Protein chains: 2
Amino acid sequence: MAGKSVPVSPLAPKKVPKMPAIEGVAFATAEAGIRYKGRTDVLLARFSKGTAMAGVFTRSKCPSAPVDWCRSILPGGRAAGLVVNSGNANAFTGLKGREAVALTAKIAAKALGCKPEDVALASTGVIGEPLDATKFEGVLADCATRVNPTAFMDAARAIMTTDTFPKVATRKAKIDGIPVTLSGIAKGAGMIAPDMATMLSFVFTDATIAPSALQALLSKGVKDSFNAVTVDSDTSTSDTLLLFATGAAAARGQMEVPDAKDRRLVGFKRALNALLLDLAVQVARDGEGARKLISIAVEGATSARSAKKIALSIANSPLVKTAVAGEDANWGRIVMAVGKAGEPADRDRISIRFGDIRVAHEGARDPSYSEAATTEYMKRDVIDITVSLGIGRGKSRVYTCDLTKAYVEINGDYRS
Amino acid sequence: MAGKSVPVSPLAPKKVPKMPAIEGVAFATAEAGIRYKGRTDVLLARFSKGTAMAGVFTRSKCPSAPVDWCRSILPGGRAAGLVVNSGNANAFTGLKGREAVALTAKIAAKALGCKPEDVALASTGVIGEPLDATKFEGVLADCATRVNPTAFMDAARAIMTTDTFPKVATRKAKIDGIPVTLSGIAKGAGMIAPDMATMLSFVFTDATIAPSALQALLSKGVKDSFNAVTVDSDTSTSDTLLLFATGAAAARGQMEVPDAKDRRLVGFKRALNALLLDLAVQVARDGEGARKLISIAVEGATSARSAKKIALSIANSPLVKTAVAGEDANWGRIVMAVGKAGEPADRDRISIRFGDIRVAHEGARDPSYSEAATTEYMKRDVIDITVSLGIGRGKSRVYTCDLTKAYVEINGDYRS
């Protein structure tokens, strides 16, 4: 966390992609001194005129003020800018929180030359402390003078809290033969659980797609990506995923696509889903204190919904997660987590695999179980767990990380 | 865990009650060498003829073989004996597990001179390893020759796994003016979550109460006791709570009570509920790695059910539990946990207290909030958190413990 030197997660991607600019998007970051010292903590993004916006937010009954704000402007379907700050979530801040949001949008609108309701907002950090939005005065105006289309890494860094590495991803696609690009950033390391993960993510594309179609693509896309990632089962008040489409590709002949089901969007949809999964898995890879990425597949369930519920029950089990941290192939705890999910399961038909090693079969330890082989497997960075229920065709995959002493340490004094 | 010297939980009760004998119940323990070395791991209890039995079990979809066994004999409503072993849960052991249960009951029946279906069984420990019931051969016969009515502490010790102290409690009551006694033991330290907590508990009384009435009292009694305790949200495959009524008080003139709603049972019910709560809170006090007991009251919810769901959402939140471990009054995380419960809540009406200190009021930090006073409060052993939702009259209280590095350590190598 801030002020301490935290080593980068051993699960951080080995290679950071070269992030291509998205025509119609430019960024600047600054040190507004919201909470952290000696690092950037505010991001301003400027969008070209007519940029379409879609958003998905936390389902928390206690959403933050910026989430309320974004929900209120989303029906407009367009955005001219985005302001994100780290260090203070502006959540559970009552009337002051609403005032802070209004003031931030006003300052940003002045800097960008747009209306306040054209500015999307997001905040991440401590809950319950009033956010002093006057700190954005001057800062955002200055940012607006130096926005840069290639500053993705700076943008990803400015929104970090307990993250140990900036998260970026990019994909290319074609719509009706015209090449388009998608590039995104994300943050999130703790208070991560669907729906959604505690995280912020912003994705940008130069495609021209109608806001309603964009929204449909995004709402569907989170299902197997951000909504399939959990670090600690704690859904945040602030989760925000926004997708902006500048429409710059129109100049290269891409016609606006009005409907998410349009066949011309097949490639774009695939690229978007891959990008969202890439970012979401990076969030799990940077789970607080994580030393291992755990991928959990449940198959043979009565439905996909049921499979996902069981997969999340496993992914959120502290006992499963501590066992993986201890490199212990304690599959009995996986049985426990299947059992506690409350979903249809027949104890005597369950099989469990770690990687390719079948450890349990039809309700009992696999006759050929080898402790040595399994123990060797558990030393890996990425642990694949597959549970076959054998009672249906529903399947689902979710991602999480192990639960280590470092998680407890990080979260035992986050505020101090 | 076994083999390591673990210090007793700092939350262990300062005084252990003197446990009065229950007429009609006697115990013996032994070292069967199931898993642990140099400690007792099997408990035999013998009951006088006609002892009534009631039981409540895990709701896991993957229950252990002994849970299946107890469920199958429960309709008989009577028991002549009880065998409990620690070290191996006999769960997810398939056909072998069923055979082990049948063999254990057969060996015990022979030792006690009863039918196998008169013997209740429970096992706790590692999941997925076959239980070698032949180890009970000889051991139970020997136990039967030396049962002792006052060996409660020995009984409580023999059923421990990662527990750091034996758990016992006793209460007195009157039925129709005749004094009766209730005495119970419990174990459970991890894999503890309603419904039920991962735990075993056995309660004995000399009262004479019809099995159906006994069952009704027990089913109701767990609601605010064992089903209101969570250590890590992980419901076990093996949770078993059994209540045995020997009926010895009949000799002193207590007439059998046929119905749980009978007014004569008011005092007994109160004593039973107090006993169950006492044992359940001891389980939370011995939560793996626990340094603080957390009592969470939710009031002003739309219903008691809704209040309990919110209370459990707080109690199971790793972020709330790590904050308490770090003595950090991070009430923002409590807001988060209220929000993620999915139950009705109005963010702008929520108040939160730590002990008597109101930290948040009507959706924002309390204007008179004192970080110093709250920080001082957080140093205590027992942390009381009250959340007032202000939208109804439903209330509930649950108990949990903090999440420490020791929890991760204990569970990172339980099997090794």
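Values quoted throughout were computed directly from the atomic coordinates according to the rules given, and no laboratory measurement underlies them. This one's a predicted model, so the numbers in the text were calculated from it and none came from an experiment. No Cβ is skipped: glycine too gets one built from the backbone with ideal geometry, and neighbour counts run over all protein chains shown.
Of note:
- Summarising the label geometry, the points placed 7 Å from Cα in the beta-carbon direction at A:D356 and B:S368 lie 6.9 nm from one another.
- A crude spin-label estimate for the pair B:K172 and A:D132, with each label 7 Å from Cα along the Cβ direction, gives 6.4 nm.
- Within the protein assembly as shown: Cβ-based charge dipole about Cα centre, in debye rounded to nearest 20 (Lys, Arg +1; Asp, Glu -1): 740 debye
- Distance to the A-onto-B rotation axis is smallest for one chain A Cβ; residue and value in angstrom are A:K405, 2.
- Rounded to 5, the percent of DSSP beta bridges in the protein assembly as shown classed as antiparallel: 70 percent
- Separation of alpha-carbon centers, segment A:217-270 and segment A:172-186, rounded to whole Å: 11 Å
- Dipole magnitude of chain B, debye to nearest 20 (Cβ charges: Lys/Arg +1, Asp/Glu -1, about Cα centre): 660 debye
- Computed from the C-beta positions of A:S212 and A:R380 and an R0 of 51 Å, the FRET efficiency is 0.70 to the nearest 0.05.
- 20 Å-binned pair-distance histogram of chain B (Cα, whole percent): 28, 54, 18, 1
- For segment B:87-225, the convex hull spanned by the alpha carbon atoms encloses 144 Å³ per residue.
- Considering only B:L243, B:T40, B:Y407, the residue lying farthest towards the positive end of the dipole of chain B is B:L243, judged by Cα position with unit charges set on Cβ.
- The label point for B:K110 and the one for B:K37, both projected 7 Å from the Cα toward the Cβ, are 2.9 nm apart.
- Counting beta carbons within 10 Å around each of A:E299, B:E362, A:E129 and listing the fewest first gives the order B:E362, A:E299, A:E129.
- Kirkwood-Stokes translational diffusion coefficient of segment A:31-120, alpha-carbon pairs, 10 °C, 1.306 mPa s, µm²/s: 116 µm²/s
- Neighbour-count order for A:T404, B:T124, A:T134, fewest beta carbons within 10 angstrom listed first: A:T134, A:T404, B:T124
- Calculated P(r) tail over 42 Å for the protein assembly as shown, as whole % of Cα pairs: 36 percent
- In a reduced charge model with +1 at each Lys and Arg Cβ and -1 at each Asp and Glu Cβ, segment B:293-412 shows a dipole moment near 480 debye about its Cα centre.
- Cα pair count fraction exceeding 22 Å, expressed as % - segment B:293-412: 28 percent
- Residue exposure proxy: A:D278, B:D132, A:D41, ordered by other Cβ atoms within 10 angstrom of their Cβ from fewest to most, comes out as B:D132, A:D278, A:D41.
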